[in-house]
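Heads up, the thing below is written out as structure tokens.
The values are calculated or read from the model by the stated rules, or taken from the named source; none is laboratory data. Only a predicted model underlies this, so the values are computations on that prediction, with no experimental measurement involved. FYI the Cβ positions are ideal-geometry reconstructions off the backbone, even for glycines, and counts take in every protein chain you see. Remember, those area values only see protein heavy atoms, side chains included, never the ligands or the DNA or RNA. Shrake-Rupley method; radii C 1.70, N 1.55, O 1.52, S 1.80 Å.
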Amino acid sequence: MRFASERALFCQPETANGNLPGGGGLEHLPRLLGRARALEVALSSDDYSGELAERYGWVNRTVPDSELDAFVDTLARRIASFDKESIAAVKQQVNRSTLPSAEDLQSSYDLYMDSFGWPGSQRRLPAATAAGRNQPGDYELRLGYHLGRQPADDTHLR
């Protein structure tokens, strides 16, 4: 389950960085959002508000920032009060048709790691680093915005 603050921003920035999204994003997003929206999110590398993430199915629910912790705590305590065997059985049945296989995740991870050697990634990394990549600050907090301002890498169109 995924819950978000109304102030949350979501992004799959890897494509704009010249990489393949890793960590299971390409396995989970199509299952959560559907193919078309998963492609939109992964290819646009844009920022998505908590409200839009909820509408797309990326999160279960978006709640006011001041209520998020209490909401999640109340839900967790409610579920924890139920029979452990029934909780485990529900999760197991849901997982069997909604989680990617270990082989799919490994394949995606291998390709993700390889993508750092791709020419587009090599071209874009210095500018992203100079702009604040992997450093605390606005660049990391609004990746989609900043990645959209970087010069276009149109070599794939030639």
Rounded to two decimals, the Debye log10 I(q)/I(0) of the range 1-130 (Cα scatterers, no solvent) at q = 0.12, 0.15 Å⁻¹ is -0.61, -0.89
Cβ-derived FRET efficiency at R0 30 Å, L43 paired with A70, nearest 0.05: 0.25
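How many percent of the alpha carbon pairs in the range 3-49 exceed a separation of 18 Å? If you can, show how the numbers build up before the last one.
Values: 284 of 1081 pairs.
Counting pairs separated by more than 18 Å, the tail of P(r) holds 26 percent.
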Taking a ≥ b ≥ c as the square roots of the Cα gyration tensor eigenvalues, with a/c under 1.5 meaning rounded and otherwise prolate when a/b beats b/c, else oblate, which class fits the range 79-158? prolate
How big is the dipole moment of the range 41-158 about its Cα centre under a simple scheme where the beta carbon of each Lys and Arg is +1, that of each Asp and Glu is -1, and everything else is neutral? Debye, nearest 20, please. 120 debye
Cβ-defined net charge surrounding A131, 12 Å radius [Lys, Arg +1; Asp, Glu -1]: +2
Helix 35-44 versus the longest principal axis of the chain: what is the Cα-based angle in degrees, 0 to 90, to the nearest 10? 40 degrees
Would you mind working out the magnitude of the charge dipole of the range 1-92 relative to its Cα centre, with +1 at each Lys and Arg C-beta and -1 at each Asp and Glu C-beta, to the nearest 20 Debye? 380 debye
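Enter the accessible area per residue of the chain (Å², integer; probe 1.4 Å; all protein chains in place).
Values: 10340 Å² over 158 residues.
Each residue of the chain exposes 65 Å² on average to a 1.4 Å probe.
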Taking Cα atoms, the helix 119-131 axis meets the longest principal axis of the chain at an angle in degrees (rounded to 10) of 80 degrees
Output wanted: per-residue J couplings in Hz (rounded whole) for the range 11-16, from phi through Karplus 6.51 cos²θ - 1.76 cosθ + 1.60, θ = phi - 60°, x for Gly and Pro. 7, 10, x, 4, 4, 5
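So for each of 118-124, 69-75, 83-89 I average, over its residues, the number of other beta carbons within 10 Å; can you give me the resulting order with the highest mean first?
Values: 118-124: 14.4, 69-75: 12.0, 83-89: 9.4.
The packing order, highest mean first, is 118-124, 69-75, 83-89.
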Using the Karplus curve 6.51 cos²θ - 1.76 cosθ + 1.60 with θ = phi - 60°, work out ³J(HN,Hα) for each residue of the range 85-95 in order, rounded to whole Hz, and write x for Gly and Pro. 5, 5, 4, 4, 5, 4, 4, 4, 5, 5, 4
